[in-house]
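Following: one structure in structure tokens, then a few remarks.
No lab work stands behind these numbers, since they all come straight from the coordinates. These numbers come from a predicted model, not from an experiment. Counting neighbours? That spans all protein chains shown, and the Cβs are built from the backbone with ideal geometry, glycine included.
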């Protein structure tokens, strides 16, 4: 007999051996089970106890002696159904764990000007038409020609992807956006953060400086916080 099927139901080899032994012996004392199975006494007792817990073995007492017997093989179907019911009870929790894993936060670090450029390209890599790209402008008036060229190309790339691009910048940076017609820009009078871009569930934090560095964080929670803050400032300066 292929006992691997019974193993697939979650029975140990010892439990299977005791169950099959009881099928052959019928209603019997533990000594006969030990003799027939060839297993150690402690192993037999352990297997009998776990089979009783699983509802696959029952017993009656005659005086002080217990007589054991296995349930009918067809009742194994009930055993399977019971396992299924228990699984269904925890299924929502398992699915929640899977969902949380998918939403697990991830962070990457990018160094140098080219590193930040790569990061900003990754920020919109999986975006779709009509997604929003929100940004708090960089905090310097001057930056090198390579970066200027990148942002002009970046405007075009965002337009090609069909993104709705909005930015917030301090009034002193207006000259940087005079010819940036592909984006919507507002200049709040209240203090705002800088060097932050948001798209979907990704947020990019960066600094050009002497040693440019950027952090790309994929987090639904963090993205939601910064998006909400951006929209509040945006709406206050309409």
May I ask you to sort 59, 226, 68 by Cβ crowding, counting other Cβ atoms within 10 Å and putting the fewest first? 59, 226, 68
If you consider only alpha-carbon coordinates, what radius of gyration and Dmax does region 102-236 have, in Å? 14.0, 42
Most packed first (mean Cβ within 10 Å per residue), the peptides 152-161, 28-37 order as 28-37, 152-161
By how many degrees, between 0 and 90 and to the nearest 10, does the Cα long axis of helix 76-102 differ from the longest principal axis of the chain? 20
Kindly work out what percent of the DSSP beta bridges joining two residues of region 118-228 are antiparallel, to the nearest 5. 65
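Given the rule -39500 (n - 2.57) for each run of at least 4 DSSP H residues, summed and divided by the residues of the chain, what is its mean residue ellipticity at 222 nm, to the nearest 500 deg cm²/dmol? Show your work: numbers first, answer last.
Numbers: 9 runs with 115 residues, N = 238.
Theoretical 222 nm ellipticity from helices: -15000 deg cm²/dmol.
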Averaging over all projection directions, find the projected area of the Cα convex hull of region 1-137 and quote it in nm² with one decimal place. 16.8
Angle between the chain longest axis and helix 220-236 axis [Cα atoms, degrees, rounded to 10]: 30
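How big is the antiparallel share of DSSP beta bridges in the chain, given as a percent to the nearest 5?
Antiparallel: roughly 75 percent of the beta bridges in the chain.
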The helix 13-25 Cα axis meets the longest alpha-carbon principal axis of the chain at an angle in degrees, between 0 and 90 and rounded to 10, of 30
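I need the shape label for the chain. Rule: rounded when a/c is under 1.5, else prolate if a/b > b/c, else oblate, with a, b, c from the alpha carbon gyration tensor. Before the final figure, lay out each step's value.
On the way: a/c = 4.92, a/b = 4.19, b/c = 1.17.
In terms of gyration-tensor shape, prolate.
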